[in-house]
Structure formats: structure tokens, C-alpha cells
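Please read the structure below before turning to the comments.
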Amino acid sequence: MMERWREIPIPKRKPEYEGKYLLLRETPPKHKPTYYVPRSYGYEEPDLTDMVVRVIRRLNARETSNSSDDASWMGPIRVLRIGWNCSHCHAGHSAYIPEAWLEEGKAVFVEKVTEA
């Protein structure tokens, strides 16, 4: 059975973002590594457009500088750490999106539609 989602307004309080779901209208930006990664490894960046993800945390991009998903290259902005389960490998993954995407319409809050 396919899950159905409906758009909801942005929560009034930013601490309420955590744990909520977002529908992404674009794939998150990814910092390109300074080293070469051959395509023969079979890894390709996933396209998350039109995918529902969960907000894990809201933080400053500079706070991510020591993480594997470093988003500090985005500059002095607020970011949202998002998470999802991959449909290919079934593992959990995460990334960062700029918080400004909410106002730009590139990510919208959604909730599951429950059948009555």
C-alpha cells in the first residue's frame, strides 16, 4: 500500500521542526570532494526529488564541519539534517539542506494521511 502525504504549514516554532516530515522538491546540494572517486565503485548520489524525509536536527552549518556530511561549505546559515531509508540498500542515510528551502518552497512539511 502506497503511503499518502498532505502538505501542512511550517511549524510556528523552529524547535518543532525535529521529528517532522518534509517532501523535498529538489535534491540536497552535495559538496564535491577534493579527491577523485571513480564511478567504478558503483556509488552515485541519490536523487531525492519528490521524496519524503524526516527532520533529525536544526543547526548552524559550521557545526557540521567535523561530520561525514560536512555542510560548513554552505556558509554561515542554518541547516536541517534530514534522514531517510534508502530504497536501494535499505540503510539509513542523512544529508543537510539549507533551512531557507522552507521559504523557497524547495522543501515542504507534510504529514501522513490516515484513512478514516
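The values are calculated or read from the model by the stated rules, or taken from the named source; none is laboratory data. Just so you know, these numbers come straight off a predicted model, no measurement behind them. In this analysis, Cβ positions are derived from the backbone assuming ideal geometry, glycine residues included, and neighbour counts consider all displayed protein chains.
Which numbered condition trips up Glu44, out of (1) at pLDDT below 95; (2) over 17 Å from Lys106 (Cβ atoms); (3) not small (Gly, Ala, Ser); (4) not in a loop (DSSP other than H, G, I, E, B)?
Result: Glu44 passes all but (4).
Condition check ((1) surrounded by 12 or more Cβ atoms within 10 Å (Cβ to Cβ); (2) over 20 Å from Lys20 (Cα atoms); (3) modelled with pLDDT under 80) across all residues:
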residue	(1), (2), (3)
Ile56	yes, no, no
Arg62	yes, yes, no
Arg78	yes, no, no
Trp84	yes, no, no
His88	no, yes, yes
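Take the residues in segment 90-100 that are part of a strand (DSSP E or B) and of a type in the set (A, V, I, L, M), then tell me which one is surrounded by the most Cβ atoms within 10 Å (Cβ to Cβ).
So the residue we want is Ile97.
Quick one: which of Thr34, Thr49 is modelled with pLDDT of 80 or more, polar (S, T, N, Q) and out of contact with any helix residue (DSSP H, G or I) (no Cβ under 8 Å at 6 or more places or on another chain)?
Thr49
Could you pull out the residue among Glu103, Glu111 that is surrounded by fewer than 18 Cβ atoms within 10 Å (Cβ to Cβ), assigned to a helix (DSSP H, G or I) and of a type in the set (Asp, Glu)?
So the residue among Glu103, Glu111 that is surrounded by fewer than 18 Cβ atoms within 10 Å (Cβ to Cβ), assigned to a helix (DSSP H, G or I) and of a type in the set (Asp, Glu) is Glu103.
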